[in-house]
Amino acid sequence: MSRFFLVACCVLSMCGIVRPVEPKIKALIVDGQNNHNWKATTPVLKDLLEQTKLFTVDVATSPEKGSAGFKPKFSDYAVVVMNYNGDDWSTETQASFVDFVKNGGGLVIYHAADNSFPKWTEYNEMIGLGGWGGRNEKDGPYIRYRDGKIVRDESKGRGGSHGKQHEYVVEHIDREHPITKGLSAKWRHASDELYDRLRGPAKNLTVLATAFSDKSTGGSGENEPALMTIDYGKGRIFHTIMGHDVKQMNCVGFAVTYQRGVEWAATGKVTQKVPEKFPTPDKVLPVK
Ligand code: ZN
């Protein structure tokens, strides 16, 4: 590099014309066991983050069974994306995961990751709400959105269900949060499972978006939480119920809320611009 170029860069940099390159956000996707198609969905989760040019992404894949030797160094990352629904981890790996989030690590709970670890108390606090795995009233309330208010419903019953896959409208009920700010209030999601009747401790939980789970599709007849954030220690958690498989992820609404949610979980801010094209309540907008 010539001396002239260096000097010119320094001058431009001081003037604010050339900004020093920001270090990228380090993200780790965790997979390896899931009753879902993790081998196909992890590359999509990775690609969506890389498209933003904000992240470098590694993947930690657990053994197919058990967790022998599975010890990702969570603390090397700003954010962990959970695409895992499987066997319990060792107490050592659980402890390092809890430490990571408690000390300010970001966490993203993607679709069936909220089915995982039904008996792990700290994990259930991190996800806020979860489903299946024997979850019921002992695990916490249902969270409902009724008449414009979030309601904790303690009634008895199963935790976790969904009707048949269908397109549904996601409504941002919190439009001031960095993840949703500037996005339209309602958008139609690609045909997907609409998780309903999730239950959990729901501590420090904010519902950003809901979707109406119609009984005619086998749903609950309630507005179900679709996008959430949870505070756990100093850590920030973003939870999306959407994205059953690659086809269901092919939706600009899913992609954009995921990309923004991961950045927020990692840094507490969203620097991504609001996209020019975003689905309307009437029409799904595929990514490709
Ligand atoms: Zn699913």
So, with points 7 Å from each Cα along the Cβ direction, the Thr52-Val274 label distance in nm works out to 1.7 nm
Residues in the stretch 163-185 reached by a label modelled at Lys283 [backbone nitrogen below 18 Å; 7 Å Cα→Cβ]: 167-170, 184-185
Of the peptides 237-248, 63-74, 208-219, how do they stack up when ordered by the mean number of other Cβ atoms within 10 Å, highest first? 237-248, 208-219, 63-74
Applied in sequence order to the stretch 191-202, the curve 6.51 cos²θ - 1.76 cosθ + 1.60 (Karplus, θ = phi - 60°) yields integer Hz couplings, x standing for Gly and Pro, of 3, 7, 5, 10, 4, 9, 6, 5, 9, x, x, 6
What do you reckon, how do Arg188, Arg158 stack up by accessible area (1.4 Å probe), largest on top? Arg158, Arg188
So for the chain: antiparallel DSSP bridges make up what percent, rounded to the nearest 5? 60 percent
Expressed as a whole number of Å, what is the distance separating the alpha-carbon centroids of the stretch 92-118 and the stretch 174-189? 25 Å
Relative contact order for the chain, counting Cα pairs under 8 Å that sit 6 or more residues apart, in percent: 18 percent
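Thinking of the stretch 99-172 as a set of Cα atoms, what percent of all their pairs are more than 21 Å apart? Could you put the intermediate results ahead of the total?
Numbers: 1020 of 2701 pairs.
Everything past 21 Å amounts to 38 percent.
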Give me a comma-separated list of calculated 3J(HN,Hα) values for the stretch 27-36, in order, Karplus coefficients 6.51, -1.76, 1.60 applied at θ = phi - 60°, integers in Hz, x for any Gly or Pro. 10, 10, 9, 9, 8, x, 9, 5, 7, 10
Solvent exposure ordering (accessible area, 1.4 Å, most first) of Trp187, Trp38: Trp38, Trp187
Toy charge model, Lys and Arg Cβ at +1, Asp and Glu Cβ at -1: the stretch 166-288 dipole around Cα centroid in debye, rounded to 20, equals 400 debye
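Leaving out ligands, DNA and RNA, what percent of the accessible area of the stretch 17-56 is carbon and sulfur, probe 1.4 Å?
Working: 1310 of 2290 Å².
Looking at the stretch 17-56 in its full context, I get 57 percent from C and S.
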Scan around Tyr232 for amide H atoms under 5 Å from its own, H built in the peptide plane at 1.01 Å from N, and keep only partners 5 or more places away or cross-chain. Ile237
Enter the mean projected area of the convex hull around the alpha-carbon atoms of the chain, in nm², rounded to one decimal. 17.1 nm²
If R₀ is 41 angstrom, what is the calculated FRET efficiency for the pair Lys234 and Glu167, using the beta carbon separation as r and rounding to 0.05? 0.60
Between Ser75 and Lys181, how many nm apart are label points set 7 Å from Cα along the C-beta direction? 3.2 nm
Which residues does the label zone of Arg152 cover in the stretch 87-121, counting backbone N under 18 Å from a point 7 Å along Cα→Cβ? 121
Considering amide H positions built from the backbone, and no H for Pro or chain starts, which residues 5 or more places from Asn136, or on another chain, come under 5 Å of its amide H? Gly159
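For the stretch 141-216, what is one quarter of the convex hull surface built on the Cα atoms, given in nm²? Mind showing how you got there, number by number?
Values: hull surface 22.8 nm².
Taking a quarter of the hull surface, the average projection is 5.7 nm².
Length gain on complete extension for the stretch Glu92 to Lys138, per 0.36 nm per residue less the alpha carbon to alpha carbon distance?
Details: separation 46, 0.36 × 46 = 16.56 nm, distance 2.64 nm.
Value of the extension gain: 13.9 nm.
The values are calculated or read from the model by the stated rules, or taken from the named source; none is laboratory data. Note that the coordinates shown come from a computational prediction; the quantities given were computed from them, not determined experimentally. Using ideal geometry, Cβ is built from the backbone for each residue, glycine included, and neighbour counts are taken over all protein chains shown. The accessibility values were calculated without ligands, DNA or RNA, using every heavy atom of the protein model including side chains. Shrake-Rupley method; radii C 1.70, N 1.55, O 1.52, S 1.80 Å.
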